[in-house]
Structure formats: structure tokens, C-alpha cells
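First up is the structure itself, then whatever we jot down about it.
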Amino acid sequence: MDTQQGAAGTIYAGFEVRDTASVACTMQGYFGVQMTSGGGQMLALTYAPTTGNGVSPTLVTLQPDTAPLNSGNDVGHAIFYMRWTDTCNTPETPANFLFTPPQLSGSFAVPAHLASQNTPPEVCGHVDIGPISPRGTQQPF
């Protein structure tokens, strides 16, 4: 997770995507997303891909052996954003995001908090997922 910010009950989170393999790869579309509890159980949330602000699915080429996030060299990275509300009577508190890359069947888990924070977010009901875009693209919401 690269960024997380909120305003008036809505949380926006940006997720950096990079290629650690020795050959370039391309991605287009949307990550499949689920949120899980600390015990690995799927949380009762709904997820929907969305576009807006001129941001739509684009073919993105990820260069091989891309440097880690915030290493001073974010060249070759892609990004996608998610949005959810955090104001309800019984919010879910995910321990992990479970991501499935477009056109693939394998998933991987990412902690549901920024490295600089120890507490996971609170999520209510519905999550919007933006398309994978080149680094520097604005949020689709």
C-alpha cells in the first residue's frame, strides 16, 4: 500500500505494482480484491470495478527488476486505487487484502495497513476498485 487518505468518511488507498522478475510483463484491467480477517476468513464486503476522472483500463508495461517502492526510483511502477467508507455501526477491520492480478488465478496477501501504521483500516460495506494505471495517474474517484 503506497498511500492512504481520508475525508468525510471516505478512505482512498493507492497500491503500487512492480515487477520483480527478470523479464517485463504487461497488465491491464482490475485486480480481484477480497479482504480477510486475522484468521484468514473472507469479510462480508462487496467489491466493484469502477472508472472515472478520465482513468480507464490501460495496458501497462512493468519493467523487470523494478526497484522497491519509495526507494527513490519509482520508474516502471503501476498503481491502482481503492475507495471505501469507514462510517457505519459495525465496520469490518481487515487484517489483509487478498489480490488476484487480472487474467491470473493465483492470489497474494498484503497487510491492510501502511508500514508506518500499526492499526488496520475500518471498512463499511462496499469497496470501489480502480483500474491498473501507469504511476502518476490520478485517482479514478
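Annotations
- Enumeration of residues in the stretch 19-42 that are surrounded by fewer than 17 Cβ atoms within 10 Å (Cβ to Cβ) and in a loop (DSSP other than H, G, I, E, B): THR20, ALA21, SER22, VAL23, ALA24, GLN28, GLY29, SER37, GLY38, GLY39, GLY40, GLN41
- Out of MET27, MET35, MET82, one residue alone is hydrophobic (A, V, I, L, M, F, W, C), out of contact with any helix residue (DSSP H, G or I) (no Cβ under 9 Å at 6 or more places or on another chain) and farther than 23 Å from GLN117 by Cα. It is MET27.
- When ALA78 is tested against (1) over 19 Å from PHE31 (Cβ atoms); (2) within 13 Å of the chain's Cα centre (by Cα), only condition (1) is not met.
- So GLY72, is it part of a loop (DSSP other than H, G, I, E, B), at pLDDT below 90, on the phi > 0 side of the Ramachandran plot and surrounded by 14 or more Cβ atoms within 10 Å (Cβ to Cβ): no
- Any chance THR87 is out of contact with any Gly (no Cβ under 8 Å at 6 or more places or on another chain) and either touching a residue at least 24 places away in the same chain (Cβ under 8 Å) or farther than 15 Å from ASP2 by Cβ (or both): no
- Residues in the stretch 97-129 that are part of a strand (DSSP E or B) and loosely packed, with under 13 Cβ neighbours inside 10 Å: PHE108, VAL110, HIS126.
- Restricting the stretch 54-69 to residues that are surrounded by fewer than 16 Cβ atoms within 10 Å (Cβ to Cβ), touching a strand residue (DSSP E or B) at 6+ places or on another chain (Cβ under 7 Å) and free of Cβ contacts under 8 Å to residues at least 60 places away in the same chain, the residue that is nearest to VAL17 (Cα to Cα) is THR61.
- Residues being touching a residue at least 12 places away in the same chain (Cβ under 8 Å), on the phi < 0 side of the Ramachandran plot and assigned to a loop (DSSP other than H, G, I, E, B) are entirely absent from the stretch 5-13.
- Within this structure, THR51 fails the test of being within 17 Å of GLY14 (Cβ to Cβ), buried (at least 16 other Cβ atoms within 10 Å of the Cβ) and out of contact with any strand residue (DSSP E or B) (no Cβ under 8 Å at 6 or more places or on another chain).
- Take the conditions (1) loosely packed, with under 15 Cβ neighbours inside 10 Å; (2) over 20 Å from PRO140 (Cβ atoms); GLN5 misses just one of them, which is (2).
- Residue among GLY29, GLY38 that alone is over 14 Å from the mean Cα position of the chain (by Cα) and either closer than 17 Å to PHE99 by Cα or free of Cβ contacts under 8 Å to residues at least 24 places away in the same chain (or both): GLY38
The values are calculated or read from the model by the stated rules, or taken from the named source; none is laboratory data. Just so it is clear, the structure is predicted and the values come from calculations on it, not from any experiment. FYI the Cβ positions are ideal-geometry reconstructions off the backbone, even for glycines, and counts take in every protein chain you see.
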